[in-house]
1. Have a look at LEU188, GLY333, PRO300 and report the one farthest towards the positive end of the charge dipole of the chain, computed about the Cα centre with Cβ charges (Lys/Arg +1, Asp/Glu -1).
2. Can you tell me the dipole magnitude for the chain around its Cα centre, using point charges on the Cβ only (Lys, Arg +1; Asp, Glu -1), in Debye to the nearest 20?
3. Quick check on the range 260-301: take the gyration tensor over C-alpha atoms, sort the square-rooted eigenvalues as a ≥ b ≥ c, and tell me if it's rounded (a/c under 1.5), prolate or oblate.
4. Kirkwood Rh, Cα Rg: Rg to Rh for the range 336-380?
5. Putting +1 on Lys and Arg Cβ atoms and -1 on Asp and Glu Cβ atoms, find which of LEU139, ALA315, LEU87 reaches farthest to the positive end of the dipole of the chain.
6. For all pairs of alpha-carbon atoms in the chain, what percent lies in each bin of width 10 Å, listed from the first bin to the last filled one?
7. In terms of the Cα gyration tensor, with a ≥ b ≥ c the square roots of its eigenvalues, is the range 9-128 rounded because a/c is under 1.5, prolate because a/b exceeds b/c, or oblate?
8. Quick one: putting +1 on the C-beta of Lys and Arg, -1 on the C-beta of Asp and Glu, what dipole do you get for the range 277-403 around its Cα centre, in Debye to the nearest 20?
Amino acid sequence: MRDGDAGLLARASAPPRILGRIRGARPGPTIIALGGIHGNEPAGVHAARRVVSRLERARPPLRGDFIALSGNRRALEIGTRFVDRDLNRNWTDVRLRALPADPGAVTSCHEDAEQRDLFDRLTTLSREAGAGEVYFLDLHTSSAEGAPFTTIGDTLRHRSFALEFPLPVVLGLEEQINDSLLEYMNALGHVTLGVEAGRHDHPGSVDRHEAVLWLALRAAGLLDPEHIPDLEAHRRLLAESVRGLPRIVEVLHRHVVSPDDRFRMEPGFGNFSPVERGRLLAADRRGEIRALRAGLILLPLYQGQGDDGFFLCRAVRPLWLRISALLRRLRLGSLLHLLPGVARHPDRPQTLVVDTRIARFYPMEFFHLLGYRKLRREGTRLVVSRRLHDTGPPRRRPEPQDR
């Protein structure tokens, strides 16, 4: 699909920020569903509107609050990933404090105003949720063919929620993409789920996003099964779209691109296409790009905008997740600093510095098992940090300024 071409999903005028809000008569959890943080991905917006419309007509006995938001409204209107910069990057407190206080302020970057307004809305909605659990769903599509999947920051809370959906769960994507909105919301203590529903311009992507939203209403406890229309049909739609694929996969490699690279993906790849080591995947101004290892490909780039050329991943045996859950519940991660070559970070809590010359027998997979994620590599030093809110929500949900 070409940048700026919405294909079979027609563009319309810029959508409102709040696509719809349905408040239950009884207190309960909050679901915030965001569609279109990339403007050439309108399927999530269409799906959220369908769900809102049906809830408004049927008025089932809802507990809690369901809110549907749109992302990059101007980019959605013109059908391009972004106008000046990617709205799904730079979600840090430092960046947010630098944004203009007024979302209507004139700036040289369109996404500054979008980010300010979206941040303000999300902050307000989080406060209104009070002590109730907040579930945040980020709805995406891709430029390639292929099966849908979910992506999470690997906490036990996120695993539990993601496994309610009959879709592959991708681990480790948040380590490869810096400062995404999903990771920001995760750090605030919300249960987060990213959803890739299929190709940008395929109507089936809308259907799959809609199915995910209905299943989310059930999984989060906002609706009982008998009040969800076509619940089993939605579950079956998702399950049939991923038949034969692994339940859990882990991202091992990200190929980063820039506009100057003149990156060109070889045709024919889709989500979960198997590749062997050395296979030609793409080319750029420097020459051929071949697979560094055998595995499965994710999100091959077939559009002009974007800095992710492709990802390589591998299947993970469910046994390892069960072992990981046991180790984390036993809190063995708190003892890692006692291992040779592993030390607490001098300034950052829950963070370790690993001297890979000494601790060379502890690969990153070992730290993953115990709930740590890679922050960065500095020569022979590996900096890892324990994921927040692994087994339960925070006692007090932090305000953005507190982080």
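The values are calculated or read from the model by the stated rules, or taken from the named source; none is laboratory data. Here the structure is a predicted model, which means the values were calculated and not measured. We place every Cβ from the backbone using ideal geometry, glycine too, and count neighbours over all the protein chains shown. To get the accessible areas, we keep the full protein, side chains included, count just its heavy atoms, and leave off ligands, DNA and RNA. Shrake-Rupley method; radii C 1.70, N 1.55, O 1.52, S 1.80 Å.
1. Farthest towards the positive end: GLY333.
2. Details: 61 positive and 50 negative charges, 255 e Å.
The calculated dipole for the chain is roughly 1220 debye.
3. The shape class here is oblate.
4. 0.91
5. ALA315
6. Histogramming the chain at 10 Å steps yields 5, 22, 33, 28, 11, 2, 0 percent.
7. oblate
8. Roughly 400 debye for the range 277-403.
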